[in-house]
Amino acid sequence: MVIKAPERITYTDGHSFCPGCGHGIAIRLIGEALQELALEEQVIISLDVACGGMPIDVWRYDTIEAAHGRPVATAVGVKMARPSQPVIAYLGDGAAYSIGIAETLHSARRNDNITVIVLNNCVFGMTGGQMSPTSLQGQVTSSSIHGKSMKEGGATMDVVRMLKDMDISYLARAALCDAGNIKKARKYISKALEKQMNGEGYSFIELLSPCPTNWNMDPGVAAAYIKETILPVFPTGEFIG
Amino acid sequence: MEKIVLQLQRCKGCYNCIRACPKGAISKSGTSNKKGYEVIQVDQEKCIACATCYTVCPDYVFEVCKPEKGA
């Protein structure tokens with residue numbers, strides 16, 4: 001038996017993410033789940049701008065690059081037009097929880113039958129590592145050089161906790177920091193897509209990802225930072241479904 | 001047949017694989033790929049084909065050949 005990444009994501013010599021970036025793993029996990037469920041031909045993926053849009057270079061699926069923060073809105077529209085096809089919105093935390101928080105929450109309120117996968121690295125990545133709504137208290141970023149504070153940056157936003165009270169089909173959070181947690185993330189993505197194919201409604205997965213470049217950390221230190229500092233604030237697991 | 005086939009042109013030298021390998025079979029090779037990153041090498045003797053390296057690699061460098069059971 002040969003274990004290798006799906007051919008639909010390996011037809012080039014790689015993507016352009018930074019060394020150690022979690023996007024590369026997330027791209028592969030989504031590709032594996034689509035291959036397992038035989039959805040590669042039907043799937044339509046709505047992507048964000050910035051780092052969240054770069055998978056468009058790697059995924060050989062039908063993809064749409066939405067306006068910044070709007071992949072969820074675009075995915076809802078695509079699903080209305082093609083209700084029998086699986087539709088995924090893939091975006092970063094800056095898009096899903098800041099500029100696109102309205103779409104993220106109202107789509108959940110309507111229980112739209114789409115799958116939303118958010119890569120949360122606690123910063124705005126491509127623009128230079130600025131503080132985002134999910135940045136931790138005390139986290140040093142390029143726009144909170146003395147550490148994020150309640151006074152200047154506000155509270156840390158936990159959207160998974162906000163979604164727990166909503167009537168949606170699936171809600172989970174995983175961390176892309178070690179092999180065990182990555183395997184859990186893989187399982188969650190398959191479950192979310194199965195829920196959508198069964199017509200059960202909105203499925204939402206948050207993937208906690210390292211951003212070694214903007215955290216100014218070696219990839220190994222970034223993985224440890226997730227385990228020791230981020231996981232106590234953002235607990236992982238399946239919360240609905 | 002080798003247990004691990006490497007696509008080193010994709011490697012970006014994050015070394016997630018070196019830290020994750022339970023057998024210490026992966027190390028820095030001292031050579032660079034076209035992108036300029038120092039790539040890794042695998043000791044096929046130490047490797048147990050557990051595919052942990054495949055799981056943690058963000059750049060799809062690893063193809064793991066697991067021997068069939070009983071083979």
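Of the peptides A:149-158, A:200-209, A:223-232, how do they stack up when ordered by the mean number of other Cβ atoms within 10 Å, highest first?
A:200-209, A:223-232, A:149-158
Which value, in Å² rounded to 10, gives the accessible area of B:S32 with a 1.4 Å probe and all protein chains present?
Accessible area, nearest 10 Å²: 80 Å².
Relative contact order (percent) for the stretch B:2-71, with alpha-carbon contacts under 8 angstrom and 6 or more residues of separation?
The normalised contact order for the stretch B:2-71 reaches 43 percent.
Can you tell me, using C-alpha contacts under 8 Å and at least 6 residues apart, the relative contact order of chain A as a whole percent?
Relative contact order comes out at 19 percent.
So how do A:22-30, B:21-29 stack up, highest first, on mean other-Cβ count within 10 Å?
A:22-30, B:21-29
If you take each beta carbon of peptide B:7-15 and count the beta carbons of other chains within 10 angstrom, what is the mean?
The mean count of partner-chain Cβ atoms within 10 Å per residue comes to 5.
Over both sides of the A-B contact, add up the buried accessible area with a 1.4 Å probe and give it to the nearest 100 Å².
2100 Å²
Along the Cα-to-Cβ line of A:R161, 7 Å from the Cα, sits a label point; which residues in the stretch A:193-223 have backbone N less than 20 Å from it?
Those under the cut-off are A:204-209.
Would you tally the net charge around A:Y225, using a Cβ to Cβ cut-off of less than 15 Å, leaving A:Y225 out, and scoring K and R as +1, D and E as -1?
0
Find the centroid of the Cα atoms in the stretch A:144-201 and in the stretch A:27-66, then give the distance between the two in whole Å.
First find each Cα centre; the distance between them is then 18 Å.
Using 0.36 nm times the number of residues separating A:L37 and A:I145, minus their current alpha carbon distance, what extension gain do you get?
Extra length available between A:L37 and A:I145 comes to 34.4 nm.
Could you report chain B's accessible area per residue, 1.4 Å probe, as an integer in Å²?
Result: 53 Å² per residue.
How large, in percent, is the carbon and sulfur part of the accessible surface of the protein assembly as shown at a probe radius of 1.4 Å?
52 percent
Across peptide A:7-19, what mean number of C-beta atoms from other chains lies inside 10 Å of a residue's C-beta?
Average per residue, whole number: 4.
Rounding to the nearest 10 and keeping the result within 0 to 90°, find how far the Cα-based axis of helix A:22-36 lies from the longest principal axis of chain A.
20 degrees
How much FRET efficiency would the formula 1/(1 + (r/R0)^6) give for A:R110 and B:T31, where r is the Cβ-Cβ distance and R0 is 51 Å, rounded to 0.05?
So the FRET efficiency works out to roughly 0.40.
So how far, in whole Å, is the C-alpha centre of the stretch B:1-56 from the one of the stretch A:72-133?
Their Cα centres are 34 Å away from one another.
Taking chain B as a whole, which cysteines find no other cysteine Cβ under 4.7 angstrom from their Cβ?
Taking the Cβ cut-off of 4.7 Å, the unpaired cysteines of chain B are B:C11, B:C14, B:C21, B:C47, B:C50, B:C57, B:C65.
If you roll a 1.4 Å probe over the heavy atoms of the protein chains, what accessible area per residue do you get for chain A, in Å²?
Accessible surface, normalised per residue, equals 39 Å².
Would you please state the base-10 log of I(q)/I(0) at q = 0.18, 0.20 1/Å for the stretch A:167-241, with intensities from the Debye formula using one equal scatterer on every alpha carbon?
Reported log10 I(q)/I(0), two decimals: -0.70, -0.81.
With labels modelled as points extended 7 Å from the Cα through the Cβ direction, what inter-label distance (nm, one decimal) is found for A:S190 paired with A:R8?
1.6 nm
The values are calculated or read from the model by the stated rules, or taken from the named source; none is laboratory data. Bear in mind the structure is a predicted one, so any value in this text is a computation, not a measurement. So basically every Cβ, Gly included, is an ideal-geometry build from the backbone, and we count neighbours across all protein chains shown. All accessible areas refer to the heavy atoms of the entire protein, side chains included, with ligands and DNA or RNA removed. Shrake-Rupley method; radii C 1.70, N 1.55, O 1.52, S 1.80 Å.
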